[in-house]
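Worksheet: the structure to be examined is printed underneath.
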Amino acid sequence: MTDHFDVIEQALARLHAGDPVAAAALLQDGIRRFPNEPDLPLNLSLARRMMRDLPGALEALDAALAIDPYFFMALLSKGVIVEQLGDQRQAARLYANAVKIAPNPDSLPLPARQALERAKQVVAANNAALLVHLQNAGAAVKARFPDADFERMDECAAILAGVAKPYVQEALFMTVPRLPAIPFYSREYFPWFATLEASAAIIRDEALTALEQAFGRFDAYIQRNKGDPLNQWAELNGNKAWSTLHLWRDGHRDDSACALLPQTAALLDTLPLARQAGFGPTAMVSVLQPRTRIPAHTGSSNARLICHLPLSIPPHCGFRVGNVTREWRPGEAFVFDDTIEHEAWNESDAVRTVLIFDVWNPLLSDAEREMTTVLANAARAYSQGG
């Protein structure tokens, strides 16, 4: 025998012949000769399982993991044995680590694929049970503070349990540090909501009229250049299933578009939009056709936030930012941080229409707002050779 593969091949032949004792002896000898090869103790664990020696099988797997702590098959196999021994929580922890480093399931043999699928089920069930445990533990605190807002701590519990994941800001262009990752900002920051919402019916009627009479002016929102990576946008690229009519785009006012919605344009002129030379404001009517989903994505900068004023909202429409999912309510505005992963959907048989525009992040000072504009334009000029 020239190498450890020969040992494994002969041991597997003994296993297939129904002689795990002989296979174990071969593998133990191989481990003495090749102490740094984790495949040998992995196969020894299989032989010991066939001998109904589960503690011995665990010992062999621990030896394999001592050589390579990221040995997927050893982690997965250890989870299987610990589950068989009845320790569901420890098995779930082992399975969770195996799932994190799992290769593409298509590259695995059928038994390993089945074990991986079982691992995912055990992890999900354990996470759900932990969430219930945490919720029960926190019930007394909620009872003592009946008027407190625990939305953030409920999300904390879900993340701690592994049911949800933490979302952070992932700006595509500019990240202003030390701004909190808040999915939906409190209405208290935007006292002008009252003025906006009082005009919701007028804005809706103008938008629907423009949609009916001038749909040709609406553009597909996603328009990638030839050769650009499409990623999640392949289905929507050049597709007016998600279309927009821009009143403002990157700081430039479209007078002809504004003429289609004159009262809306006049109102926008009175609002504190994120006026940032060369970059903002952007304001548009956004139309999502029936049975259309906008995939998860992030925006360009947390220096500005995005305001939605829902106009025409059929049932079965929704919107998610991070771990928070909300329905649009006609005439009820909200502001969110689009550098946190978000997605939208219209699962109805009717069109969904929303007015969208950007506003400054209220946590920035006037000086910081001016500086973001200077930095953004300087970065653009540099990249263009200016």
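Out of the residues in segment 287-299 that are crowded, with 18+ Cβ neighbours inside 10 Å and in contact (Cβ under 8 Å) with a residue 60 or more places away in the chain, which is nearest to the chain's Cα centre (by Cα)?
Out of the qualifying residues, it is 299.
Which one of 25, 63, 57 is of a type outside the set (Lys, Arg) and free of Cβ contacts under 8 Å to residues at least 12 places away in the same chain? Give the steps one after another, and end with the answer.
Values: 63 fails: free of Cβ contacts under 8 Å to residues at least 12 places away in the same chain; 57 fails: free of Cβ contacts under 8 Å to residues at least 12 places away in the same chain.
Matching residue, one of 25, 63, 57: 25.
From the list 353, 339, 373, pick out the single residue that is assigned by TED's automatic domain parsing to the domain that holds residue 274, surrounded by 16 or more Cβ atoms within 10 Å (Cβ to Cβ), in contact (Cβ under 8 Å) with a residue 12 or more places away in the chain and under 18 Å from the mean Cα position of the chain (by Cα). Steps first, please.
On the way: 353 fails: under 18 Å from the mean Cα position of the chain (by Cα); 373 fails: under 18 Å from the mean Cα position of the chain (by Cα).
Exactly one residue qualifies, and that residue is 339.
To keep it simple, each residue is scored yes or no on (1) at pLDDT 95 or above; (2) in contact with a helix residue (DSSP H, G or I) (Cβ under 7 Å, 6 or more places away or on another chain); (3) of a type in the set (S, T, N, Q).
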| residue | (1), (2), (3) |
| --- | --- |
| 223 | no, no, yes |
| 230 | no, no, no |
| 240 | yes, no, no |
| 243 | yes, no, yes |
| 249 | yes, no, no |
| 286 | yes, no, yes |
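Take segment 303-339 and flag every residue that is of a type in the set (Asp, Glu) and farther than 18 Å from residue 196 by Cβ.
Residues satisfying the conditions are 327, 337, 338.
Which residue pairs have Cβ atoms under 7 Å apart, sit 6 or more places apart or on different chains, and have a first residue in segment 252-269 that is within 20 Å of residue 331 (Cβ to Cβ) and surrounded by 11 or more Cβ atoms within 10 Å (Cβ to Cβ) and a second that is modelled with pLDDT of 95 or more and among the aromatic types (Phe, Trp, Tyr)?
What qualifies is 268/357.
Within segment 79-119, can you find the residues that are free of Cβ contacts under 8 Å to residues at least 24 places away in the same chain and either outside any helix (DSSP H, G or I) or not assigned by TED's automatic domain parsing to the domain that holds residue 68 (or both)?
Result: 86, 87, 104, 108, 109.
Hand me the list of strands (runs of 3 or more DSSP E) wholly inside segment 196-301 holding 3 or more residues that are in contact with a Ser or Thr (Cβ under 8 Å, 6 or more places away or on another chain) and among the hydrophobic types (A, V, I, L, M, F, W, C).
So the answer is 242-249, 283-288.
Just to be sure I understand, how many residues within segment 33-46 are part of a helix (DSSP H, G or I) and either surrounded by 14 or more Cβ atoms within 10 Å (Cβ to Cβ) or at pLDDT 95 or above (or both)?
Taking segment 33-46 as the starting set, the residues that turn out to be part of a helix (DSSP H, G or I) are 33, 39-46.
Retained after the next criterion (residues that are either surrounded by 14 or more Cβ atoms within 10 Å (Cβ to Cβ) or at pLDDT 95 or above (or both)): 39-46.
Residues that pass the stated criteria total 8.
So residue 360 ticks every box in (1) touching a residue at least 60 places away in the same chain (Cβ under 8 Å); (2) surrounded by fewer than 19 Cβ atoms within 10 Å (Cβ to Cβ) but one. Which box is left unticked?
(2)
Working only within segment 68-107, note down all residues that are in contact with a Phe, Trp or Tyr (Cβ under 9 Å, 6 or more places away or on another chain), of a type in the set (A, V, I, L, M, F, W, C) and surrounded by fewer than 18 Cβ atoms within 10 Å (Cβ to Cβ).
The one that is in contact with a Phe, Trp or Tyr (Cβ under 9 Å, 6 or more places away or on another chain), of a type in the set (A, V, I, L, M, F, W, C) and surrounded by fewer than 18 Cβ atoms within 10 Å (Cβ to Cβ): 101.
Considering segment 300-325 alone, what residues qualify as being under 16 Å from the mean Cα position of the chain (by Cα) and not aromatic (Phe, Trp, Tyr)? Walk me through it before giving the result.
Start the filter on segment 300-325 by keeping residues that are under 16 Å from the mean Cα position of the chain (by Cα), which leaves 318-325.
Those that are under 16 Å from the mean Cα position of the chain (by Cα) and not aromatic (Phe, Trp, Tyr): 318, 320, 321, 322, 323, 324, 325.
Out of curiosity, is residue 26 of a type outside the set (S, T, N, Q), within 18 Å of residue 112 (Cα to Cα) and in a helix (DSSP H, G or I)?
No: the conditions fail for residue 26.
Does residue 330 fit the bill of being of a type outside the set (A, V, I, L, M), part of a loop (DSSP other than H, G, I, E, B) and within 23 Å of residue 206 (Cα to Cα)?
Yes.
For every residue, the table says whether it meets (1) aliphatic (A, V, I, L, M); (2) closer than 22 Å to residue 97 by Cα; (3) touching a Leu at 6+ places or on another chain (Cβ under 9 Å).
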position: 136; (1), (2), (3): no, no, no
position: 144; (1), (2), (3): no, no, no
position: 148; (1), (2), (3): yes, no, no
position: 162; (1), (2), (3): no, yes, yes
position: 166; (1), (2), (3): no, yes, no
position: 180; (1), (2), (3): no, no, yes
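State the number of residues belonging to segment 313-330 that are surrounded by fewer than 19 Cβ atoms within 10 Å (Cβ to Cβ) and in contact with a Pro (Cβ under 7 Å, 6 or more places away or on another chain).
Result for segment 313-330: 3.
The values are calculated or read from the model by the stated rules, or taken from the named source; none is laboratory data. From a predicted model like this one, the values you see are computed outputs, not experimental measurements. No Cβ is skipped: glycine too gets one built from the backbone with ideal geometry, and neighbour counts run over all protein chains shown.
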